[in-house]
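Visitor: I'd like to ask some things about the structure below.
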Number of protein chains: 2
Amino acid sequence: MPLTNPTATVRDLIREHYATLTQSERKFANSLLENYPAGGLASITIVAENAGVSTPTVARMVQKLGFKGYPHFHKSLLKELQAKVSGPTQRRENWVSDAPESHLLNRFSQAVTQNLSQTFSNVETDRFDAAVRQLANTDGRLYVVGGRITRALADYAFTHFQAIRQRVTHMTSSSATWPHYVLDMVEGDTLLMFDVRRYETNLQNLAKLAAERGVTIILITDQWASPVTAHASFTFNCWVEIPSAWDSNISTMMLLEALIAATQEEKWPETRDRYERLDELFDLTRLFRKFT
Amino acid sequence: MPLTNPTATVRDLIREHYATLTQSERKFANSLLENYPAGGLASITIVAENAGVSTPTVARMVQKLGFKGYPHFHKSLLKELQAKVSGPTQRRENWVSDAPESHLLNRFSQAVTQNLSQTFSNVETDRFDAAVRQLANTDGRLYVVGGRITRALADYAFTHFQAIRQRVTHMTSSSATWPHYVLDMVEGDTLLMFDVRRYETNLQNLAKLAAERGVTIILITDQWASPVTAHASFTFNCWVEIPSAWDSNISTMMLLEALIAATQEEKWPETRDRYERLDELFDLTRLFRKFT
DNA sequence: GATTATGTGTCAATATATTTTCAGAGATTT
DNA sequence: AAATCTCTGAAAATATATTGACACATAATC
């Protein structure tokens, strides 16, 4: 494992040894990776301070990485930088990343960033806040449902909302069971729906039934808007196009996480309590597993 | 003349003052410009030696440029470097929306952008491509598994990979069933694992067993790296910190989608065929539903 | 719940870097 | 060609960085 390949960059070395690093050493490692390589080019005193650790911690860590001492590490970083700049034909231009412009990763990340920014700037904060208040309202039940692809997102939403508040139900993707859930829905309940193309008629029917019973529907859909919009109190559109045959759900995920984060903040410190109790329970579960 | 424009780079300063520099000072200036900025980031002793001049010469020159002393000059160069690296990321913060700076949505999106860029720049394209080739290899089976939180991601991965290639298995999150799967694993199979903190011992055990059977493990984890790393052939670290009590999985999702997209591209037009047949089947299903 | 192991920061020592001072080498002027 | 001026690097003085030793805190183990 510790190859100590002579051409390995400091970044590589950190990755390689990350598992063996201690907490504060990782603190420094992260600080360096986040601002690479500048974060390691000042004096040990300064970089340690910037990372919020003591100088010996930095000294110990660079030794773990295989350097003789901080100056050796410093020199190595400098050489890397030099190779990058003065190297023949800008050696793979790995300043920000080592991916060539045409590589799929690059095209992909560009599309994603575009999507996120589009999605984000299309959210009205007032509407967002109102939706969050609805999600935080535990007087009514919260139902979560998704389609074929978005089932995973619904699942993710369920896992997190369940940690934040009580009375959450994940409606399985099998639409045969939905009528049972609808039967119990009452005014004041909330239905969080995911529907991206190809839009599913079942979800539309479900939305209609729920709306008729006075349920508040929060819809997360794509930029072309699912027909469920007609029944929804809150609709959020997410930009999903990427260079591929299918649609990306990263912006969808972002919006969902933002809703979760906001709901959690709204219900703090109630949520804090739940988290702590949850943690205890997990610990118990883990103990139990030891005997299986 | 000495504008001392706050945004002026050291390079600019040198050009501006070049006329007033003495012979050896120019010697150092040229040495620095030829290897910029690395040529000025070591200690004054070293850079002076590299340029073939004495230390006082360097010290005097940087003072001529308007710096208080060599350390000041050094710090300034570092800041420049830092700005260059974080530049593209920061520039994306022109996400002018009507949201006030302090609104959660804004803070959230900033954190997410940061995470994505961080994650992205830590992926080596070679490793990425190799992992994709492994994922596209249909000689062996592809197993997908996640933990408590990442189960949703594993599900998402399964749904998409199933559309792209045959022989995909989603290992349920209930670890009790895992031995059955392991029993059938053979060399050449691939295991796509998700493990973010808190890392689950079950996943670690699973990884060990699979690795022993010659299975290639592709691990998607967070920036702190799951212990599964030890058994994995390919590890991808995703930055996950957001202003909340839990970790974000947006960058995780991005990496997953990128892997899916790349795998699809690798196997095109084979995949195209599958997609078309899949679509037909969906249509049939939909028709069928009409009569229920 | 006591005990060990591990990690962490404070402080002191040692080493290194930076600046200042100063004397000599070249260039320029008288 | 002598006198002066400017530039330059050697060396001392000063400041700062680096490392090692130690003690405390925290986590893991029994």
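The values are calculated or read from the model by the stated rules, or taken from the named source; none is laboratory data. What you are looking at is a predicted structure, and each value in this text was computed from that prediction instead of being measured. FYI the Cβ positions are ideal-geometry reconstructions off the backbone, even for glycines, and counts take in every protein chain you see. Calculation scope for accessible area: heavy atoms of the full protein, side chains included, ligands and nucleic acids excluded. Shrake-Rupley method; radii C 1.70, N 1.55, O 1.52, S 1.80 Å.
Visitor: Residues of region B:39-53 with backbone nitrogen within less than 13 Å of a virtual label 7 Å along the Cα-to-Cβ line of B:Q23, please, listed as ranges.
Guide: None, by backbone N distance to the label point.
Visitor: Same structure again: Rounded to the nearest 10 degrees, what's the angle between the helix A:151-164 long axis and the longest principal axis of chain A, both from Cα atoms, 0 to 90?
Guide: Between helix and principal axis, roughly 90 degrees.
Visitor: Can I ask one more? For chain B, what is the accessible area per residue in Å², given a 1.4 Å probe and the full set of protein chains? Before the final figure, lay out each step's value.
Guide: Numbers: 13560 Å² over 292 residues.
Heavy-atom accessible area per residue stands at 46 Å².
Visitor: How large is the charge dipole for region B:189-291, taken about the Cα centre, if only the Cβ atoms of Lys, Arg (+1) and Asp, Glu (-1) carry charge, to the nearest 20 debye?
Guide: Details: 11 positive and 16 negative charges, 66 e Å.
Approximately 320 debye in magnitude.
Visitor: Another question, then. Lysine pairs in chain B with alpha-carbon atoms under 30 Å apart, 8 or more places apart or on different chains: how many are there?
Guide: Lysine pairs, 8 or more places apart or on different chains, close enough: 12.
Visitor: Still on this structure, please answer the following. Hey, got the dipole for region A:107-283? About the Cα centre, +1 on K and R Cβ, -1 on D and E Cβ, debye to the nearest 20? Don't skip to the answer; put the middle values down first.
Guide: On the way: 16 positive and 23 negative charges, 96 e Å.
For this selection, approximately 460 debye.
Visitor: Sticking with this one: Run the accessible area of region B:153-292 with a 1.4 Å probe and give the carbon-and-sulfur part as a rounded percent.
Guide: Of all accessible area on region B:153-292, carbon and sulfur atoms account for 54 percent.
Visitor: Let me ask another. What is the interface area between chains B and A, defined as buried accessible area summed over both chains with a 1.4 Å probe, reported in Å² to the nearest 100?
Guide: Details: alone 17300 and 17250 Å², together 27060 Å².
Chain pair B/A: roughly 7500 Å² of buried accessible area.
Visitor: Show me, for region A:41-52, the HN-Hα J-couplings you get by feeding each phi into the Karplus relation (A = 6.51, B = -1.76, C = 1.60, θ = phi - 60°), rounded to Hz, glycine and proline as x.
Guide: With the stated coefficients, region A:41-52 comes to 9, 8, 6, 4, 4, 5, 5, 5, 4, 4, 7, x Hz.
Visitor: How much mean residue ellipticity at 222 nm does chain B get from its helices, if each DSSP H run of length 4 or more adds -39500 (n - 2.57) and you divide by all residues, to the nearest 500 deg cm²/dmol?
Guide: Dividing the helical sum by the residues of chain B leaves -17500 deg cm²/dmol.
Visitor: Based on the alpha-carbon gyration tensor of region B:117-160 and its eigenvalue square roots a ≥ b ≥ c, which shape applies: rounded if a/c is under 1.5, prolate if not and a/b is larger than b/c, or oblate? Don't skip to the end; give the middle numbers.
Guide: Details: a/c = 2.78, a/b = 1.11, b/c = 2.50.
Judged from the Cα gyration tensor, region B:117-160 comes out oblate (a/c at least 1.5, b/c at or above a/b).
Visitor: Please provide three numbers in whole Å: the alpha-carbon extents of chain B along the principal axes, with the largest listed first.
Guide: Between the extreme Cα coordinates on each principal axis of chain B lie 87, 50, 41 Å.
Visitor: Classify region B:141-238 as rounded, prolate or oblate from the Cα gyration tensor: take a ≥ b ≥ c as the square roots of its eigenvalues, call it rounded if a/c is under 1.5, otherwise prolate when a/b beats b/c and oblate if not.
Guide: Details: a/c = 1.37, a/b = 1.15, b/c = 1.19.
Rounded is the answer for region B:141-238, as its axis ratio a/c remains below 1.5.
Visitor: For label points placed 7 Å from Cα toward Cβ, what is the shortest-first list of nm distances from A:Q82 to its copies?
Guide: Result for A:Q82, in nm, nearest copy first: 2.4.
Visitor: While we're here: Ordered shortest first, which distances in nm separate the 7 Å Cα→C-beta label point of B:A130 from those of the other copies?
Guide: With the label placed 7 Å along Cα→Cβ, B:A130 yields 5.4 nm.
Visitor: On to the next question. Can you give the angle from 0 to 90° between the axis of helix A:250-267 and the longest principal axis of chain A, with both taken from C-alpha atoms, to the nearest 10?
Guide: Tilt relative to chain A: about 80 degrees.
Visitor: Then there's this: How big is region B:115-287 in terms of Cα radius of gyration and Dmax, in angstroms?
Guide: Spelled out, the Cα radius of gyration and Dmax of region B:115-287 are 15.9, 49 Å.
Visitor: Could you list which residues have their amide H under 5 Å from that of B:L191, counting only those 5 or more apart in sequence or on another chain, with H placed in the peptide plane?
Guide: B:Y143, B:T216, B:I217, B:I218
Visitor: Where in chain B is the longest stretch that carries no GluC sites (Glu not before Pro) classed as loop by DSSP and with at most 14 other Cβ atoms within 10 Å? It would help to have the intermediate numbers written out before the result.
Guide: Values: sites that count: B:E93, B:E101, B:E187.
Answer - B:188-292.
Visitor: Trypsin sites (Lys or Arg not before Pro) within region B:132-226: which are DSSP loop residues with at most 16 other Cβ atoms inside 10 Å? Show your work: numbers first, answer last.
Guide: On the way: sites: B:R133, B:R141, B:R148, B:R151, B:R165, B:R167, B:R197, B:R198, B:K208, B:R213; in loops: B:R141, B:R148, B:R165, B:R167, B:R197, B:R198, B:R213.
For trypsin sites (Lys or Arg not before Pro) across region B:132-226 that sit outside H, G, I, E and B with at most 16 neighbouring Cβ atoms in 10 Å, the list reads B:R148, B:R167, B:R197, B:R198, B:R213.
Visitor: Put the label 7 Å from Cα along Cα→Cβ for A:T22; what are its distances to the other copies, in nanometres, shortest first?
Guide: A:T22 label point versus its equivalents elsewhere: 4.9 nm.
Visitor: From Cα coordinates alone, what are the radius of gyration and Dmax values for region B:11-85 in angstrom?
Guide: My reading of the Cα-based Rg and Dmax gives 11.1, 33 Å.
Visitor: Let's test the formula: R0 of 45 Å, r as the Cβ-Cβ distance of A:T45 and B:E270. What FRET efficiency results, to the nearest 0.05? Numbers along the way, then the final one.
Guide: Working: r = 57 Å, r/R0 = 1.28.
With R0 = 45 Å, the Cβ-Cβ based efficiency is 0.20.
Visitor: Name the shape class, rounded, prolate or oblate, that the alpha-carbon gyration tensor gives for region A:232-277, where a ≥ b ≥ c are the square roots of its eigenvalues, rounded holds for a/c under 1.5, and otherwise prolate holds if a/b is larger than b/c and oblate otherwise. Write down the numbers at each step before the final one.
Guide: Numbers: a/c = 4.63, a/b = 2.30, b/c = 2.01.
Verdict is prolate for region A:232-277.
Visitor: May I pose another question? Per residue of region B:227-234, in order, report the coupling 6.51 cos²θ - 1.76 cosθ + 1.60 (Karplus, θ = phi - 60°) as ³J(HN,Hα) in whole Hz, putting x for Gly and Pro.
Guide: x, 4, 2, 4, 9, 8, 7, 10
Visitor: Once the Cα atoms of helix A:70-86 and of chain A are each reduced to a long axis, what angle between those two axes, in degrees from 0 to 90 to the nearest 10, is obtained?
Guide: Orientation of helix A:70-86: about 80 degrees from the principal axis.
Visitor: Of B:L81, A:T113, A:G214, which is farthest along the charge dipole of the protein assembly as shown in the positive direction, counting Lys and Arg as +1 and Asp and Glu as -1 at C-beta?
Guide: The one lying farthest along the dipole's positive direction is B:L81.
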